[in-house]
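The structure under discussion appears below in the form of structure tokens.
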Amino acid sequence: MTLEQFKYLSEPDQNFLLDTKAVFLAAIEDNEGSYSLFQVDGFYLEVFCSSGKRTADFINYFDETYLLEPYLQLIDISPIYNILAMEKCPDHFKI
């Protein structure tokens, strides 16, 4: 799915896609609520929920990577390092 296709989905269809296909990356909380970042294919979804609410107040969607900056230090990429380390390791050292 592309960002343009997502834009034209109905709100229930956007929520369904968020529940079924989106990959959670990170969350930021402040006094107003929480922002959760998800990735779907080649774009990102930022979901804001007010404090004390469990439903989304709004979903922001984008594919510009500079908008990821607030989340970058929160995203755990250690599994990627582990995979890369195993790929570089000679076969007789692999578990």
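The values are calculated or read from the model by the stated rules, or taken from the named source; none is laboratory data. This is a predicted model, so every value here is computed, not measured. Glycine gets a Cβ as well: all are built from the backbone with ideal geometry, and neighbour counts include every protein chain shown. To get the accessible areas, we keep the full protein, side chains included, count just its heavy atoms, and leave off ligands, DNA and RNA. Shrake-Rupley method; radii C 1.70, N 1.55, O 1.52, S 1.80 Å.
Compute the accessible area per residue over the chain, keeping the other protein chains in place, probe 1.4 Å, unit Å².
Working: 7090 Å² over 95 residues.
Averaged over the residues of the chain, the accessible area is 75 Å².
For the chain, what is the mean residue ellipticity at 222 nm derived from helices alone (per DSSP H run of n ≥ 4: -39500 (n - 2.57); sum divided by total residues; nearest 500 deg cm²/dmol)? Each step should come with its number before you reach the end.
Values: 3 runs with 26 residues, N = 95.
So the calculated ellipticity at 222 nm is -7500 deg cm²/dmol.
What angle, in degrees between 0 and 90 and rounded to the nearest 10, separates the Cα long axis of helix 11-20 from the longest principal axis of the Cα atoms of the chain?
Around 20 degrees separate the two axes.
Say R0 is 30 Å: what FRET efficiency, to the nearest 0.05, do residue 32 and residue 78 get from their beta-carbon distance?
Here the calculated transfer efficiency is 0.50.
Only loop residues by DSSP count here, and only those with at most 11 other Cβ atoms within 10 Å; note down the chymotrypsin sites (Phe, Trp or Tyr not before Pro) in the range 1-36 that meet that.
On the way: sites: 6, 8, 16, 24, 35; in loops: 8.
For chymotrypsin sites (Phe, Trp or Tyr not before Pro) across the range 1-36 that sit outside H, G, I, E and B with at most 11 neighbouring Cβ atoms in 10 Å, the list reads 8.
Cα gyration tensor of the range 3-85, axes a ≥ b ≥ c as square roots of the eigenvalues: rounded (a/c below 1.5), prolate (a/b > b/c) or oblate?
Oblate is the answer for the range 3-85, as a/c is 1.5 or above yet b/c matches or exceeds a/b.
Treat each spin label as a single point 7 Å out from the Cα along the C-beta direction, and report the residue 20 to residue 58 distance in nm.
Going by the 7 Å Cα→Cβ label model, 2.7 nm.
For the chain, which whole percent of the accessible surface, found with a 1.4 angstrom probe, sits on carbon and sulfur atoms?
Its accessible area is 54 percent carbon and sulfur atoms.
Express the relative contact order of the chain as a whole percentage, based on alpha carbon pairs under 8 Å and six or more residues apart in sequence. Could you put the intermediate results ahead of the total?
Numbers: 105 pairs, mean separation 18.8, N = 95.
That works out to 20 percent.
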